[in-house]
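Step one of this worksheet: look at the structure below.
The values are calculated or read from the model by the stated rules, or taken from the named source; none is laboratory data. Note that the structure is a prediction, hence the values are computed from the model and not measured. Cβ atoms come from the backbone with ideal geometry, glycine included; neighbour counts cover every protein chain shown. Areas reflect the complete protein model, heavy atoms only, side chains present, ligands, DNA and RNA absent. Shrake-Rupley method; radii C 1.70, N 1.55, O 1.52, S 1.80 Å.
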Amino acid sequence: QVRLVESGGGSVQAGGSLRLSCAASGTIFEIRTMGWYRQAPGKQREFVAAITAGGNTNYADSVVGRFTISRDNAKNTVYLQMNSLEPEDTAVYYCTADWVATATTVGYDYWGQGTHVTVSS
């Protein structure tokens, strides 16, 4: 069974930095695209960033130049380095994996449980 577990959330003042991590557990052979979404209070969940197994990245316009997504394929882990944080970045951040191959199966559309990020002004 594949699970995504996020860590690294917390509270920070505006202008500060946080680094989120998300590790996929299970007997995993391959993960294609991994990414991050976020959901602010009272708002819909929105895309933040994604990275393919080959390292190609994509970002939401609102985080370009401030956030950096990276991954360690050997550890089945994706990271989100968040710099110059703003109060508008306050949200629950969710890790995703779109296609995961294990020893016995292929699964789609995995989500983590979320980690809270609070940015105060």
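Rolling a 1.4 Å probe over the protein heavy atoms gives the chain an accessible area of 53 Å² per residue. When the solvent-accessible area of the chain is split by element, carbon and sulfur atoms take up 46 percent of it, the probe being 1.4 Å. Taking every alpha-carbon pair under 8 Å whose residues sit at least 6 apart, the chain reaches a relative contact order of 36 percent. The range 76-121 gives an Rg/Rh value of 1.13, both radii derived from C-alpha positions and Rh following Kirkwood.
For the range 10-35 versus the range 73-121, the spacing of their alpha-carbon centroids is 4 Å. The slack in the chain from ASP109 to SER84, taken as 0.36 nm per residue of separation less the alpha-carbon distance, amounts to 6.0 nm.
Accessible-area rank, largest first, for SER11, SER121, SER62, SER21: SER121, SER11, SER62, SER21, with all protein chains present and a 1.4 angstrom probe. Each residue of the range 43-57 was assigned a 3J(HN,Hα) from its phi angle through the Karplus curve 6.51 cos²θ - 1.76 cosθ + 1.60 (θ = phi - 60°); the sequence is 10, 6, 5, 9, 5, 10, 6, 8, 8, 7, 4, x, x, 6, 10 Hz, with glycine and proline shown as x. A cut-off under 9 angstrom between Cβ atoms defines the neighbours of VAL100, and their net charge, with Lys, Arg +1 and Asp, Glu -1, is -1.
Residue by residue, the range 106-118 carries 3J(HN,Hα) couplings of 10, x, 10, 6, 8, 10, x, 7, x, 9, 7, 10, 10 Hz when phi is fed to the Karplus relation 6.51 cos²θ - 1.76 cosθ + 1.60 (θ = phi - 60°); x denotes Gly or Pro. Along its first, second and third principal axes, ordered by size, the chain spans 48, 25, 22 Å in Cα coordinates. The phi torsions of the range 9-24, fed into the Karplus equation with coefficients 6.51, -1.76 and 1.60 and a -60° offset, translate into couplings of x, x, 10, 8, 7, 3, x, x, 10, 9, 10, 8, 10, 9, 10, 9 Hz, rounded to whole numbers, with Gly and Pro shown as x.
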